[in-house]
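Below you'll find the structure I mean.
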Amino acid sequence: MVTIPVEIQILFAGLLFLIGLIGLLVRRNVIFMLMSIEVMFNAAGMVFIIAGAHWAQVDGQVMFIFMLAVTAAEVSVGLAIILQMFHHYKTLDVDELNKLKEIN
């Protein structure tokens, strides 16, 4: 059985987190920003699983299950807010929403 070193796994999780962070900072659409936050959550969960597998403990997997529950709640609330925002302002662009804040 081929095992991947822990350093490479952590590096991959860090790269995944960095991709999510760049997506959060670069994209202006609220849905894409929410998706980038989800990528960052998954990278953090991957670190928990890697650490749990490294020390042969199930704590990392249990923590990841809790993270999935919190993430599901965050997505449902976030999408509800995004839907209301789109129905009210007819846009999902963050820059346009900032301009509307200045007008009111």
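Among Ala53, Phe86, Asn29, flag the residue with its Cα farthest along the positive direction of the charge dipole of the chain, charges on Cβ as +1 for Lys/Arg and -1 for Asp/Glu.
Phe86
Turning to a different aspect of this structure: In nm, to one decimal, how far is the Leu21 label point from the Thr3 one, both placed 7 Å along Cα→Cβ?
Here the answer is 2.9 nm between the modelled labels.
Looking at the chain, do any whole DSSP H helices span at least 18 angstrom along their long axis by alpha carbon and average 0.5 or above on Kyte-Doolittle, and which?
Values: long enough: 6-26 (30 Å, 2.49); 30-54 (36 Å, 1.83); 59-89 (44 Å, 1.26).
For the chain, where a helix must reach 18 Å along its axis and average at least 0.5, the hits are 6-26, 30-54, 59-89.
Taking K and R as +1 and D and E as -1, what net charge do the other residues with C-beta under 15 Å from the C-beta of Val39 add up to?
-1
In addition: I want to verify a result. In a Gaussian network model of the chain, Cα cutoff 10 Å, which of these has the top mean-square fluctuation: Leu34, Leu92, Leu16?
Greatest mean-square fluctuation among the candidates belongs to Leu92.
Project the alpha carbons of the chain onto their principal axes and report the range along each, largest first, in whole Å.
Principal-axis extents of the Cα atoms in the chain, largest first: 60, 25, 20 Å.
Scan region 3-104 for chymotrypsin sites (Phe, Trp or Tyr not before Pro) in coil per DSSP, keeping those whose Cβ has at most 15 other Cβ atoms within 10 Å, and list them by number.
Qualifying residues, ordered by number: Trp55.
Could you give the dipole magnitude of the chain about its Cα centre, charging the beta-carbon of Lys and Arg +1 and that of Asp and Glu -1, in debye to the nearest 20?
Values: 5 positive and 8 negative charges, 47 e Å.
Result for the chain is approximately 220 debye, rounded to the nearest 20.
A short reminder: the numbers here are calculations on the coordinates, not readings from a lab. All values derive from a computational prediction rather than experimental measurement. Note that we place each Cβ from the backbone using ideal geometry, even for glycine, and neighbour counts take in every protein chain shown.
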